[in-house]
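Report on the structure given below.
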Amino acid sequence: MKAILVIAIIFLIVLVLKKPAFGNEAKLLGQVAPDFNLKNSQGESVSLASFQGQWLVVFFYPKDDTPGCTAEACSFRDNFDDIKKLNASIVGISVDSSESHQKFKEKHNLPFMLLADEGGNVAKQYGALNNFLIFKFAKRQSFIIDPEGLIRRVYRSVSPSKHALEIKEDLQQLIENS
């Protein structure tokens, strides 16, 4: 029992002292999006360059098949056709494996790619990684990347069930103003 209490206290200390990812929007906004080369749910490599010439929505999320992540992914699924009509693709990224992503996609009929960032390196480049000692997971954060590969929107605070609508509206506005 004491060991569990000690671990809980250490976890809380790390959580409190951990530098937040917020505040680096200015560093990323308008900059070239960090490159990635990750495996999709079929185990195939997918890079950022695969999406050149189109808009890209990248959403990081903590864990496959958890309540918030499922709500967010299903909201993107439900708005997928409208976002696709804007010449945009959607990619979800978490530290889960390709196999986990495949099960999640099948269970919820997700029409977009899920990419496995098992080491958390890509999430870290985007400022979207929580790293607590041996535990790593992506923070629920999103980015809109334009056809030239520049980050045009950064979302550090996301409502899982409403975020896809926010993305759709912002994407429409970005396209109209470009």
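The values are calculated or read from the model by the stated rules, or taken from the named source; none is laboratory data. Note that the coordinates shown come from a computational prediction; the quantities given were computed from them, not determined experimentally. Glycine gets a Cβ as well: all are built from the backbone with ideal geometry, and neighbour counts include every protein chain shown.
For segment 104-176, the strands (runs of 3 or more DSSP E) that sit wholly inside it and include 2 or more residues that are under 17 Å from residue 62 (Cβ atoms) are 113-116, 129-132, 135-138, 141-145. Restricting attention to segment 82-94, the residues that are in contact with a Pro (Cβ under 9 Å, 6 or more places away or on another chain) and either modelled with pLDDT under 95 or assigned to a helix (DSSP H, G or I) (or both) add up to 2. Annotation note: Cβ proximity below 8 Å between a residue of segment 155-178 that is aromatic (Phe, Trp, Tyr) and a residue that is assigned to a strand (DSSP E or B) (sequence gap 6+ or interchain) occurs for 155/141; 155/142; 155/143.
Residues in segment 43-59 that are touching a residue at least 12 places away in the same chain (Cβ under 8 Å) and of a type in the set (S, T, N, Q): 3 in all.
Can you spot a residue in segment 49-56 that is farther than 23 Å from residue 165 by Cα, part of a helix (DSSP H, G or I) and not charged (D, E, K, R)? Yes, segment 49-56 has at least one match.
Give 146, 81, 117, 96 a once-over and let me know the one that is free of Cβ contacts under 8 Å to residues at least 24 places away in the same chain and either of a type outside the set (A, V, I, L, M, F, W, C) or at positive phi (or both).
81
No other residue among 82, 96, 78, 35 is crowded, with 19+ Cβ neighbours inside 10 Å and either out of contact with any Gly (no Cβ under 7 Å at 6 or more places or on another chain) or closer than 13 Å to residue 138 by Cβ (or both) apart from 96.
Once segment 103-123 is narrowed to residues that are charged (D, E, K, R) and modelled with pLDDT of 95 or more, the residue that is surrounded by the most Cβ atoms within 10 Å (Cβ to Cβ) is 117. Regarding segment 68-75, can at least one residue be identified that is surrounded by fewer than 22 Cβ atoms within 10 Å (Cβ to Cβ), not in a helix (DSSP H, G or I) and not aromatic (Phe, Trp, Tyr)? No, because not a single residue in segment 68-75 is surrounded by fewer than 22 Cβ atoms within 10 Å (Cβ to Cβ), not in a helix (DSSP H, G or I) and not aromatic (Phe, Trp, Tyr).
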